[in-house]
1. Shape of region 12-162 from its Cα gyration tensor (a ≥ b ≥ c, root eigenvalues): rounded if a/c is under 1.5, otherwise prolate when a/b > b/c, or oblate?
2. What length, rounded to one decimal in nm, is gained on full extension from residue 71 through to residue 43, with 0.36 nm per residue of separation minus their alpha-carbon distance?
């Protein structure tokens with residue numbers, strides 16, 4: 001027996017596509033960070049363009065980058081399915097922190113480059129374009145997270161203003177209060 005459409009759970013891709021514009025941009029930044037691991041991050045100019053991708057130089061820092069990007073995507077999928085992070089955490093803040101942490105990890109990987117031995121001489125790799133693509137993805141994640149946070153603050157302020165206006169305005173169901181003069 002097939003499940004009805006109302007009881008089916010949408011897949012992660014459908015949930016990500018149902019998100020807002022800046023949340024989708026944050027998801028794109030996280031995906032770029034992970035996808036850039038297949039690109040050349042390091043290269044040797046002397047050896048005819050020999051290079052290493054981010055995945056081929058896998059270590060704790062690359063694992064931390066993958067975990068951070070996957071956590072940002074998991075947060076976006078969770079938010080897209082209707083569950084918000086518990087207070088005092090906010091979606092935009094968490095996304096911006098994930099992007100900033102990814103940028104720190106990528107900056108560390110820019111400094112801590114692998115070395116190769118050519119004719120018994122250690123040679124340092126130079127940076128390839130893949131690491132800059134990853135940094136761009138991290139920056140997109142930070143900026144989108146900040147924009148989501150700004151939208152959260154704006155909507156919270158608008159909700160608070162509407163609530164205050166409702167509290168100030170007299171309701172039509174209650175009779176107006178009369179002022180009594182004190183003797």
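1. Details: a/c = 3.22, a/b = 2.82, b/c = 1.14.
Judged from the Cα gyration tensor, region 12-162 comes out prolate (a/c at least 1.5, a/b above b/c).
2. Numbers: separation 28, 0.36 × 28 = 10.08 nm, distance 2.95 nm.
Contour length minus Cα-Cα distance gives 7.1 nm.
Where a number appears in this text, it was derived from the coordinates with a stated rule and is not lab data. Owing to the predicted nature of the structure, the values given are computational and were not obtained by experimental measurement.
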